[in-house]
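Note sheet for the following structure.
The values are calculated or read from the model by the stated rules, or taken from the named source; none is laboratory data. Keep in mind it's a predicted model, so treat the numbers as computed, not measured. Note: ideal-geometry Cβ built from the backbone for every residue, glycine included; neighbour counts use all protein chains shown.
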Amino acid sequence: MAADRLRAAVVGVGHLGRHHARILSTLEGVELVAVVDTNSERAAAASAATGAAALADFREVLDGKVDAVSIAVPTEVHRDIALPFLERGVATLVEKPIARSLTEADELVAAARASGAVLAVGQTERYNPAVAAVLPLVTSPRFIEVHRLGAFPDRSLDIDVVFDLMIHDLDIILALVQSEVHSIEAVGVPVLTSKYDIANARLRFVSGCIANVTASRISKERVRKIRFFQPDAYISIDYAAQEVEGWRLVRRDGGRPSIEGGSLPVERDEPLRREIADFIRAVRSKTSPLVDGAAGRRALELATRVAEKMESSSP
């Protein structure tokens, strides 16, 4: 890799991948050399927007053509496309979930470790500025309430709502609670597809913290909020608005305690841009990205446990 230029490609330029291409084409020191998609119209549109070559087969950029690749294809082929790049030492960003199974995730993590390639996973909410703002504040959560509701999509229908939406919040919770999951209760309903379109999970951690997580892709309104309750404090995040509120109980010697707080400052930014910039930083510095393969695997493992619990509780 040249010191002043990092050659990148995007594989899959549909709903999300076209934004990967847009961002990579504007980052300083990065040359987007190719956009790859089996749909020629999508590839041509991304090529016209970025100036990168339009290709139909990812194998055309496998051998020495790129230093980094961003993969935004359906989950079922994450492993098949990411593995050859990782085996060749090419830094790879894989959209969430990291793979369709823990076995496939383990293959990707092992390949990255063996070749020394950077492996990042697109758990985009971890890069939300509102999440970054609360990291120092969530110290001992006892109860977490999550609602992630959205309209019925025209994408990601190869996976159920746990792996499509809920996995974002599972990743955030794992990063903040820092405790093993002791038990799970979960229920899911396939409403418009053969897969679960709405799901609720109740997670109990060894620390005693309980998280109640609801995800739906059949809601009429869009809601993306998470609330943390801990001794003497309440913190809430509106992911979409990138807004944070924090309230705490202030005790005074000899006087009545008071509740203080309100809106907290957040430097708004595009989470996906921050995610890709972090990936490029990790590639250049040869360090770990914020969400590496191991973190992506942990989120997938918890999502898998939730999905299995839903299956076991179905009539």
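Considering segment 1-23, and only residues there that are among the aliphatic types (A, V, I, L, M) and assigned to a strand (DSSP E or B), the residue that is farthest from ALA72 (Cα to Cα) turns out to be LEU6. If you filter segment 21-38 down to residues that are aliphatic (A, V, I, L, M) and free of Cβ contacts under 8 Å to residues at least 60 places away in the same chain, you find that the one that is nearest to PRO271 (Cα to Cα) is ALA21.
Condition check ((1) without any contact (Cβ under 8 Å) to a residue 24 or more places away in the chain; (2) surrounded by fewer than 17 Cβ atoms within 10 Å (Cβ to Cβ); (3) within 14 Å of the chain's Cα centre (by Cα)) across all residues:
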| residue | (1), (2), (3) |
| --- | --- |
| PRO136 | yes, yes, no |
| VAL162 | no, no, yes |
| MET166 | no, no, yes |
| ILE173 | no, no, yes |
| SER179 | no, yes, no |
| GLU185 | no, yes, no |
| GLY188 | no, no, no |
| VAL191 | no, yes, no |
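Check off (1) surrounded by fewer than 15 Cβ atoms within 10 Å (Cβ to Cβ); (2) hydroxyl-bearing (Ser, Thr, Tyr); (3) assigned to a strand (DSSP E or B) for SER236 and give me the number that stays unchecked. It fails just one condition, (1).
Working only within segment 19-36, note down all residues that are within 17 Å of LYS96 (Cβ to Cβ) and surrounded by fewer than 24 Cβ atoms within 10 Å (Cβ to Cβ).
First pass over segment 19-36, keeping only residues within 17 Å of LYS96 (Cβ to Cβ): 19-20, 23.
Matches in segment 19-36: HIS19, ILE23.
Every test in (1) modelled with pLDDT under 95; (2) crowded, with 24+ Cβ neighbours inside 10 Å; (3) of a type in the set (Gly, Ala, Ser) is passed by GLY64 save one, and that test is (2). Scanning segment 278-295 for residues that are among the small types (Gly, Ala, Ser) and in contact with a helix residue (DSSP H, G or I) (Cβ under 8 Å, 6 or more places away or on another chain) yields SER288, GLY293, ALA294, ALA295.
Condition (residue is over 15 Å from the mean Cα position of the chain (by Cα) and within 22 Å of SER236 (Cα to Cα)) applied to segment 268-275: is it met by at least one residue?
At the first step, the residues of segment 268-275 found to be over 15 Å from the mean Cα position of the chain (by Cα) are 268-269.
Those still in the list that are within 22 Å of SER236 (Cα to Cα) too: 268-269.
Yes, segment 268-275 has at least one match.
Hey, among ALA91, ALA120, which residue is crowded, with 23+ Cβ neighbours inside 10 Å, under 30 Å from ASN200 (Cβ atoms) and touching an Asp or Glu at 6+ places or on another chain (Cβ under 7 Å)? Can you show your working first?
Values: ALA91 fails: under 30 Å from ASN200 (Cβ atoms).
Residue meeting the stated conditions: ALA120.
Of the residues making up segment 37-52, those that are surrounded by fewer than 19 Cβ atoms within 10 Å (Cβ to Cβ) and more than 8 Å from VAL13 (Cβ to Cβ) are THR38, ASN39, SER40, GLU41, ALA44, ALA48, ALA49, GLY51. Please name all residue pairs, on different chains or six or more residues apart, with Cβ atoms under 8 Å, provided the first residue is in segment 253-269 and is farther than 20 Å from ASN128 by Cβ and the second residue is assigned to a loop (DSSP other than H, G, I, E, B). Within 8 Å, the pairs are PRO257/ARG251; SER258/ARG252. Among the residues of segment 240-269, those identified as buried (at least 17 other Cβ atoms within 10 Å of the Cβ) and part of a loop (DSSP other than H, G, I, E, B) are GLN242, VAL266.
Tell me, yes or no, whether segment 40-54 has at least one residue that is closer than 19 Å to ALA282 by Cα, assigned by TED's automatic domain parsing to the domain that holds ILE280, among the hydrophobic types (A, V, I, L, M, F, W, C) and part of a helix (DSSP H, G or I).
The initial filter retains those residues of segment 40-54 that are closer than 19 Å to ALA282 by Cα, namely none.
There is no residue in segment 40-54 that is closer than 19 Å to ALA282 by Cα, assigned by TED's automatic domain parsing to the domain that holds ILE280, among the hydrophobic types (A, V, I, L, M, F, W, C) and part of a helix (DSSP H, G or I).
Considering the conditions (1) part of a loop (DSSP other than H, G, I, E, B); (2) β-branched (Val, Ile, Thr); (3) within 21 Å of the chain's Cα centre (by Cα), THR26 is excluded by exactly one of them, (3). Using the structure shown, decide if SER312 is loosely packed, with under 15 Cβ neighbours inside 10 Å and assigned to a helix (DSSP H, G or I). Yes; evaluated as a whole, the condition is true for this residue. Taking every residue in segment 110-129 that is under 21 Å from ARG88 (Cα atoms) and pairing it with any residue that is of a type in the set (S, T, N, Q) and crowded, with 24+ Cβ neighbours inside 10 Å, at least 6 positions away or on another chain, the pairs with Cβ-Cβ distances below 7 Å are ALA117/THR92; LEU119/THR92.
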